[in-house]
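Reading through the C-alpha cells given below for one structure.
The values are calculated or read from the model by the stated rules, or taken from the named source; none is laboratory data. Please read all numbers here as calculations on a predicted model, not as lab measurements. Cβ placement follows ideal geometry from the backbone for every residue including glycine, while neighbour counts extend to all protein chains displayed.
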Amino acid sequence: MYNYQKITDDCVKCGKCIPVCTIHQVNSDEVTSPRGFIDLLGAYERGELELDRNAKDIFESCFLCTNCTAVCPNLLPTDLVIEHVRADIAKKFGIAWYKRFFFLLLRSRTLMDCLFRIGYVFTPCAFKSLPLKKSIRPRIKMPFVGQRVLPMLNFTPFLKKYRDSYRFSKKNRPQKIAIFIGCLANYNYRSIGESLMKILERLEIDVIIPKKQLCCGAPAYFTGDFDTVDFLVRRNIEYFETFIDEVDAILIPEATCSAMVKEDWERFLENKPEWRERAGKLMPKIFMATEWLYKSTKLEEILQKSDKNSQELVTYHDPCHARKVQGIFKEPRSLISQNYKMVEMSDPNRCCGFGGVTLQSEKFKYAKAAGEPKAKMIQDTKATIVSAECSACRIQLTNALDSHGVDVNFAHPLELIAKALD
C-alpha cells in the first residue's frame, strides 16, 4: 500500500486547489476535490474508511489533470496517490470486462492490428445511415457512453505503412530520430505520423520507425491496472534499449504518451531500482515532437521563409500532459504562428475533460460537462481551427464542439506545420 498518511499530514487545507480542480468545477462537492481526496486517503490508511463502492466512485471521478499539483504550496502529488489508490481499487473490485479486454489488446500489437482492421471494415455499417455535418465526425450510440462522436479507423495503421527500419535516405545524415507514435495516432489519426515524416524529410533527418513498440501504458496506469503497466513499461524499455544508441532522439507526437514515458515510467518504477535506472538512461533522448523540432532543428527558420501563409485563424488548447506536466506550450505556438494567424482563447490551460477510460465510459456526464466550457471558449475566438498536441484532447474537443453545433476543425500542430511546408 502507498503511504497515503504522509500526503494527508502535509496537506494544510489552504484550498488553493479547489478553484482549479476539473471535477470540482463540474461537481462542486468538497469530497470530490483534491483536499477531499487527500483526507479520505488518510482515513483509508488509518482504517477509518472502508474502500467500498462509494469510495471507489469518488476516487474514480478525478480527471488526473494535475491542476492541483501545479498550485499546491507543498507540491503534494495528489495525482500520484490517486493513481495508487485506483490500483488498490482494481485489486479489490476487479476491472470492468471491457477495460480488461482493452488492456489485454494493449499487450499485443498483433491483436490490436487485427481488431482495428475488423473495426475498419465494419465502420461503414455503423455510420452509413447517420448524417455527416461539414468537418464534424458522425455520431453513434455506444454502450456505456451514450451519443458520442468517435474517431474513424484506418485499415493500415501508421506502423504498418513503413518498413521496420524505414529511412528517407541511405546517406549518412547528421541527425537520426525514432518515432514513438502512440495508439490513437497509429490507428485513428494516421495523418499525425505522416505529417511528422514530411517535416523530417524536409529537414533531411533520417528516421527509424520501430514497429515492435507497444502502448506507453497510460490508459492502464490511470485506471489502476498496474500489472498491464508493468508489462508494457518493461517491454518498451527493453525494446528502446536495442536502438537508443542509433538515434539522437525518440519523438512522441502525443502529450499523454510523452508525459507517461518521460514522467510516469520512472514514478511507476520507484520500487524497482534496476528498471528505474534503465528507464532513466533513456530519458535524455525522449522528447515531445514539437519541443525537439523547435529546439533542435531549423524548422522555425524554414517556416519563416515559407510563402504559404494561411489566412485561417487558429486557437491553441494546452493539453494537461503538455503544459502542466512537461512545461511545453510555447514551442507549438511558435511553430504554428509562423504561417497561421493565432488567437488565444480565454483559458487555453483549462482541462478539456477527457479524463481517461473511466471518465469516457462510466462517468461520461462529468467529461461532457467539463468539455462544454472549452467549446464555448473556442467558439468565442471565431477561430476556424483548434489545435492541440494530443489525440485524447482531439476526441474530447471534437465531441464538445459537435454537441454545441460549433463548426470548427481540429488539427494537430504537426498537421498544420506539414501543410505549410507542403
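Taken as a whole, the stretch 80-87 holds no residue that is assigned to a helix (DSSP H, G or I) and within 21 Å of Gln396 (Cα to Cα).
For the stretch 341-364, the candidate set comprises residues that are in contact with a Leu (Cβ under 7 Å, 6 or more places away or on another chain) and surrounded by fewer than 23 Cβ atoms within 10 Å (Cβ to Cβ); within that set, the residue that is farthest from Thr66 (Cα to Cα) is Lys341.
Those helices (runs of 4 or more DSSP H) of the stretch 205-281 in which 1 or more residues are closer than 16 Å to Gln326 by Cβ occupy 218-223, 255-259, 265-268. Close contacts from the stretch 338-351, counting a first residue that is among the basic types (Lys, Arg) and a second that is modelled with pLDDT of 95 or more, with Cβ to Cβ under 6 Å and a gap of 6+ residues or different chains, come to Lys341/Leu313. Taking the condition outside any helix (DSSP H, G or I) and of a type in the set (Ser, Thr, Tyr), does Ser346 pass? Spelling it out, Ser346 is indeed outside any helix (DSSP H, G or I) and of a type in the set (Ser, Thr, Tyr).
Within the stretch 213-221, the presence of a residue that is of a type outside the set (A, V, I, L, M, F, W, C) and surrounded by fewer than 20 Cβ atoms within 10 Å (Cβ to Cβ) is excluded.
Does the stretch 67-86 contain any residue that is without any contact (Cβ under 8 Å) to a residue 40 or more places away in the chain and crowded, with 21+ Cβ neighbours inside 10 Å?
Quick first cut of the stretch 67-86, residues without any contact (Cβ under 8 Å) to a residue 40 or more places away in the chain only: 75, 79.
With crowded, with 21+ Cβ neighbours inside 10 Å added as a condition, the list becomes 79.
Yes, that holds for at least one residue.
Gly327 satisfies every condition listed in (1) farther than 24 Å from Ile205 by Cα; (2) within 18 Å of the chain's Cα centre (by Cα); (3) surrounded by 16 or more Cβ atoms within 10 Å (Cβ to Cβ); (4) not basic (Lys, Arg) except (3).
Among the residues making up the stretch 349-385, those that are over 27 Å from Lys99 (Cα atoms), among the polar types (S, T, N, Q) and in a helix (DSSP H, G or I) are Gln379, Thr381.
Pull up the stretch 169-204, narrow it to residues that are assigned to a loop (DSSP other than H, G, I, E, B) and within 19 Å of the chain's Cα centre (by Cα), then point me to the one that is nearest to Leu282 (Cα to Cα).
Kept after step one, since they are assigned to a loop (DSSP other than H, G, I, E, B), are these residues of the stretch 169-204: 169-175, 180-182, 188-189, 203-204.
This time we only want the ones that are within 19 Å of the chain's Cα centre (by Cα), so: 180-182, 188-189.
On the way: Phe180: 13, Ile181: 17, Gly182: 17, Asn188: 28, Tyr189: 27 Å.
Looking at the filtered set, the residue picked out is Phe180.
Collect the residues in the stretch 1-30 that are among the charged types (D, E, K, R) and either in contact (Cβ under 8 Å) with a residue 12 or more places away in the chain or surrounded by fewer than 12 Cβ atoms within 10 Å (Cβ to Cβ) (or both), keeping them in residue-number order.
Start the filter on the stretch 1-30 by keeping residues that are among the charged types (D, E, K, R), which leaves 6, 9-10, 13, 16, 29-30.
Matches in the stretch 1-30: Asp9, Asp10, Lys13, Lys16, Asp29, Glu30.
From the list Phe180, Phe226, Phe222, Phe243, the lone residue that is among the hydrophobic types (A, V, I, L, M, F, W, C) and touching an Asp or Glu at 6+ places or on another chain (Cβ under 8 Å) is Phe222.
Taking the conditions (1) assigned to a helix (DSSP H, G or I); (2) surrounded by 16 or more Cβ atoms within 10 Å (Cβ to Cβ); (3) in contact (Cβ under 8 Å) with a residue 24 or more places away in the chain in turn, Ile95 satisfies each one other than (1).
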